[in-house]
Amino acid sequence: IRLWLDSHPSPRRVPRTTGARRLVFGNQKGGVGKTATSAGVAEALAEIGQRVLLVDFDPQCHLTKQLGYEMLAIDEPSLAKHMLGEGKGALRDLLVPIEEGAFGGRLFLLPGCKDAFLLDAKLATTRHVRIKEIALEKALEPLESEFDFIVIDCPPSLGYSMDTALYYARTRDGEEPSASGVVIPVLAEDSSADAYDMLYDQIEDLSEDLDVAITKLGFVVNMYDSRKGFIATSSLESWKGIGDPPVLAVVPERKEQREANRLKAPLLSSAPECEQSEAMRAVARAVKG
């Protein structure tokens, strides 16, 4: 038994020189499928044996509610409070295991809290010069050695909270450029392109101001339906035409994701064989490398 344990160490005890790989799912536009995509990719990574922490960083808490969990109470500890140095206890104590399907105790959720609505204002008025960028990293750092991936569902925002998420996704010293970064869920229509332009500028400005590299890992084109005609098909070709970052997957418009939300269940356990689940697995394979 001792020989087996020594040759099969627990993922919790594996030291990391750069911490867990960090995937930030962001887009300034709401309704593009950030929550569904971040959850689906986290589930797919856990399905293939990775230990994954899924973080609900949106004060609307759609991720928490869609997976069937309770939001953290606004007067209780939360991620936002830990980011601001106001959290009591350990952040680890807030994690919830997601046990359904093939996740096998490898997928955990950090639930959302409505107090994140106040995060931008509080970050803006802090007297600590660099806390705006490092706040999320400082809060999550104690958990990194326990996970292979930390997946963050971001709010549709260009504020300080998004800055701190983007900074968290930067390439660290000793880390491959594609190990961590930003995944951009979009739709096959023009307003998504306008929103991406704003996110692109935010990433570039932050990279230049702080002298860091933030990798745009790729697009996920959500709710695609070629029956919508030229608007959808031409927009998809435009996303593919960008080339860098690439289109990681095209997620078709199907009923399974909406049914999973209604059931308050992970997509990959409620409909593991559907086309949308396969698309999430494709994204997971692409980002894992």
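In this simple spin-label approximation, I242 and E76 carry label points 7 Å from Cα along the Cα→Cβ vector, and these lie 3.8 nm apart.
Take every pair of alpha-carbon atoms less than 8 Å apart whose residues are at least six positions apart; their mean separation over the length of the range 15-288 yields a relative contact order of 27 percent. Comparing Cα centroids, the range 239-257 and the range 86-106 end up 30 angstrom apart. For the range 259-277 versus the range 163-200, the inter-centroid distance based on Cα atoms is 25 Å.
From the cross-link list K34/K65; K216/K288; K34/K81, which pairs have alpha carbons spaced over 21 Å apart? Beyond 21 Å between Cα atoms: K34/K81. Once the C-beta distance of S226 and D190 is scaled by a Förster radius of 25 Å, the resulting FRET efficiency is 0.90 to the nearest 0.05. With a Förster radius of 51 Å applied to the C-beta separation of R262 and E204, the computed FRET efficiency comes to 0.85. The calculated FRET efficiency for the pair I48 and A213, based on their C-beta separation and a Förster distance of 25 Å, comes to about 0.40. Using a cutoff of 8 angstrom between alpha carbon atoms and counting only pairs six or more residues apart, the relative contact order for the range 153-256 works out to 28 percent.
Stretched out fully, how many nm does the piece from E176 to E278 gain, at 0.36 nm a residue minus the Cα gap? Intermediate results must be reported in sequence, preceding the final value.
On the way: separation 102, 0.36 × 102 = 36.72 nm, distance 2.63 nm.
Between E176 and E278, full extension yields an extra 34.1 nm.
Excluding same-chain neighbours fewer than eight residues apart, the aspartates and glutamates reachable from K114 by a Cα-Cα span under 15 Å are D56, D58, E70, D75, E76, D153. With a cut-off of 9 Å between beta carbons, the residues surrounding S157 carry a summed charge of -2, where Lys and Arg count +1 and Asp and Glu -1. A cut-off under 14 angstrom between Cβ atoms defines the neighbours of E278, and their net charge, with Lys, Arg +1 and Asp, Glu -1, is -2.
Placing pseudo-labels 7 Å out from each Cα toward the beta carbon at K88 and A124 gives an inter-label distance of 2.9 nm.
Each value in this text was obtained by applying a stated rule to the coordinates, not by laboratory testing. All figures in this text were calculated on a predicted structure; none of them were measured in a lab. A quick note on method: Cβ atoms are made from the backbone with ideal geometry, for glycine too, and the neighbour counts reach across all protein chains shown.
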